[in-house]
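The values are calculated or read from the model by the stated rules, or taken from the named source; none is laboratory data. The shown structure was predicted, so the numbers you read here are calculated from the model rather than taken from an experiment. Virtual Cβ from ideal backbone geometry, glycine too; neighbours counted across all protein chains shown.
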Ligand SMILES: Cc1cc2nc3c(=O)[nH]c(=O)nc-3n(C[C@H](O)[C@H](O)[C@H](O)COP(=O)(O)OP(=O)(O)OC[C@H]3O[C@@H](n4cnc5c(N)ncnc54)[C@H](O)[C@@H]3O)c2cc1C
């Protein structure tokens with residue numbers, strides 16, 4: 001037995017919530033399906049929690065200037081457990097403030113939250129956990145993105161930004177791969193927390209979607225703060241004791257680490273290399289069987 005709607009929106013982040021409200025406004029019957037919590041990456045896993053860390057980092061940096069302003073006090077240190085508790089509390093208060101479920105329901109949208117991955121069973125049916133089946137004429141996929149693991153040996157040991165929220169200690173040093181907005185945010189925060197930061201960007205500059213001056217100033221400022229930044233990397237990562245190349249098959253893909261490279265205690269790899277979307281995961285079960293006969297799914301892919 002399945003429920004039928006004009007439109008089903010998959011994903012309860014900012015894009016999905018906006019799409020559902022607009023479709024409803026235009027008169028469609030609408031269901032929104034979210035595998036975990038409404039609010040998406042921005043509220044639960046990305047912008048908001050990162051802003052809390054950024055605020056703590058800013059306070060730490062400001063404390064470095066106490067003496068310039070006649071202030072007497074010790075430089076703070078990070079209590080990661082308390083800081084992450086603050087992150088969780090901020091997320092909770094955002095949920096309370098936004099009341100997304102209430103707004104969706106008030107608009108007449110049927111919201112399925114915490115229902116696990118929605119998967120297509122055929123071109124008009126999605127299946128949720130518990131074999132709940134929903135049908136619609138149209139689907140809007142707003143499934144967001146996810147951090148991608150790089151295709152290198154050892155990538156399974158690397159962390160991504162979501163793993164930050166369950167760290168119990170700060171690493172002594174990190175390698176961050178990706179020098180766009182998210183990579184720069186995390187690099188800046190961890191540097192302020194006293195972590196030794198290596199930032200690798202395969203393009204020619206940090207924030208390379210911004211104008212050249214912004215990119216240049218960021219790079220200069222990060223280097224001034226002690227971060228090690230490498231562009232267009234070619235990695236020849238060697239074990240210092242044995243001289244063995246750790247990634248022989250991928251030499252071309254990484255950075256040529258300088259002589260003074262210290263073995264890293266904590267290695268935070270590719271937190272910021274995004275897969276474009278989660279759409280493929282939603283479609284994949286269906287695609288395997290039906291892609292040949294339904295070319296429209298190739299377009300979505
Ligand atoms: C660390 C970090 C910091 C960021 N900081 C900023 C910032 O400062 N400013 C800014 O503008 N942007 C920031 N972003 C980017 C911002 O979070 C995204 O641009 C935004 O969340 C995209 O919204 P969305 O609705 O498209 O996707 P998302 O917010 O990712 O929402 C997608 C939703 O779809 C759900 N979903 C996925 N697959 C399925 C499925 N099969 N079934 C059911 N549900 C599914 C997911 O659970 C998720 O809730 C940051 C991102 C990260 C990772």
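Results, tabulated for the structure shown:
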read-out: Matching entry among 41, 18 (being within 13 Å of the ligand (Cβ to nearest atom) and modelled with pLDDT under 95); value: 41
read-out: So residue 104, is it within 14 Å of the ligand (Cβ to nearest atom) and in contact with a helix residue (DSSP H, G or I) (Cβ under 7 Å, 6 or more places away or on another chain); value: yes
read-out: Residue match in the range 104-115 (condition: assigned to a strand (DSSP E or B), more than 25 Å from the chain's Cα centre (by Cα) and not assigned by TED's automatic domain parsing to the domain that holds residue 163); value: yes
read-out: Number of positions in the range 38-68 that are closer than 30 Å to residue 110 by Cα and either without any contact (Cβ under 8 Å) to a residue 60 or more places away in the chain or outside the structural domain of residue 103 (by TED's automatic domain parsing) (or both); value: 5
